[in-house]
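Laboratory data are not the source of any read-out in this text; all were calculated from the coordinates shown. Everything numeric here is computed off the predicted structure, so don't read it as measured data. Virtual Cβ from ideal backbone geometry, glycine too; neighbours counted across all protein chains shown.
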């Protein structure tokens, strides 16, 4: 088998996964069992297709294999019940087999959305929603997901099966949420995809190259959501935010996985195509009105990405966007970022003055980013002693190795620059 | 977020306090630990867990002057506590990790009474965060 062929069939499988699952759930109703059956069908295809070639109608092939699996499962469940109850079932065995295949192509697109709503159900914890989404909609195997999150496969399998149990208990059917719930459910889906992106972004530096690329997976799924909901500004905004952030991937880590902050990155390494696509997306979304938080964050990322040099950054415009964001939500992390923008427009002292009360906010007081920001602004203000003290406080609070290394290096440089 | 939960046990009068427990108490303790690990796995939070061999077998190793490692008995006969075992859990907040640690701390000891052992909770370092 050639690599190109196997990666083609892998790609195809991942694209087809939610469509196949949608069809099987429609036919049998049991989401949990259908999801298992589709996983098995995907695994069979993953070994067969690269060697024997992709079938003429791969979607129908997968549905058939999964359906057979479901029927076998139902049959043995019936047999089990018979044995247990010693009662003859009145349903003839042939009525249990091979139901007509769902070939209704028009519903494919809706199915993906329905599955996303289901997997991102509010009854689930974030981590189980993430895991289930990656498996049921993303078509990843449990082993791949476990590997991506660096937990044992057995633990991930439990997380997924618990998630499915909770969905069952919640009584959520395979149908679109009511008009009233719809916005809230879309928000939940976007949040889960954002978390997947974040997880991938956090691990994209250096040592963890072997992990499934969650960043690309999040972009792929968000692209699908945007395609299904083209008029949803926040779906477009989130996709743009991901593209504009991921565009800097090659520049954000050094050869040893060390962290390179935005203001020190080699901008020629940024991905122009991703920046252009993200910028066009966000421009179009914002022009339609109804601006939300993802769109504003994407617009800020676009302003960073459009600056060929650090000093070309349009900080007043970034500050204006942070003002809007701050009005929209009371997140102290936004206030922190806004203070940095203020410092870039009005000088480091103005930024420091805004950071001071934030240090008394219990949600932020122990957060390394607050102390790192104070360190950077103190350094810019020429207060070396305060900068060192703040960077030390940040290093003590950071739970990220590359970041702590960056801070320690910063302290060492400042301390020896006498 | 991943956390390491380190269970520190008192050194006891002998080499290892557990050696003086009754078989029933020991069985109850082992049963608790096995059940606890199973619970963590089925909750989807267990990354790993190990119990460590008794401290009497511990050795302190340093790079020697030649090629051979420099091994000495250890550690620290005067230490009041020693590391008996650890868990690594993957949870969504520090509070959840504290909750799990408290459950571990309630492991039964002599007479079935909760041991109330000290569990040290430390966050495991991760990748860099997302920049604005």
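Worth pointing out:
- The calculated 222 nm mean residue ellipticity attributable to helices in the protein assembly as shown amounts to -19500 deg cm²/dmol, summing -39500 (n - 2.57) over DSSP H runs of n ≥ 4 and dividing by all residues.
- Tilt relative to chain A, helix A:348-358 - C-alpha long axis, 0 to 90 degrees, to 10: 50 degrees
- Put the Cα centre of region B:93-110 next to the Cα centre of region A:130-178 and the gap is 26 Å.
- Taking A:35, A:284 and counting other C-beta atoms within 10 Å, the order from fewest to most: A:284, A:35
- For the segment B:39-46, counting C-beta atoms of other chains within 10 Å of every residue's C-beta and taking the mean gives 6.
- Inter-chain Cβ neighbour average for residues A:158-170, partner chain, 10 Å: 2
- Cα-based shape type of region A:226-291, given that a ≥ b ≥ c are square roots of the gyration tensor eigenvalues and the cut on a/c is 1.5: prolate
- Fewest-first ordering of B:22, B:42 by other beta carbons within 10 Å of each residue's beta carbon gives B:22, B:42.
- Bridge orientation summary for the protein assembly as shown: considering DSSP beta bridges with both residues in this region, about 95 percent are antiparallel.
- Comparing A:222, A:47, A:142 in a Gaussian network model of chain A, where Cα atoms under 10 Å apart are tied by springs, the biggest mean-square fluctuation is seen for A:47.
- Global geometry of the protein assembly as shown, whether rounded, prolate or oblate, following the gyration tensor of its Cα atoms and the 1.5 cut on a/c: oblate
- When the Gaussian network model of chain A links Cα atoms closer than 10 Å, the mean-square fluctuations of A:321, A:12, A:296 top out at A:12.
- Neighbour counting of Cβ atoms within 10 Å sorts the residues B:36, A:149, fewest neighbours leading, into B:36, A:149.
- Prolate/oblate/rounded call for region A:312-385, Cα gyration tensor, a/c under 1.5 rounded: oblate
- Rounded to 10°, Cα long-axis angle of helix A:31-52 versus longest principal axis of chain A: 90 degrees
- Residue with peak Gaussian network fluctuation, chain A [Cα springs, cutoff 10 Å], from A:268, A:161, A:335: A:268
- Rounded FRET efficiency, nearest 0.05, which uses the C-beta distance separating residue A:7 from residue B:72 and R0 of 56 Å: 0.55
- For chain A, the longest principal axis of the C-alpha atoms and the axis of helix A:126-136 are separated by about 50°.
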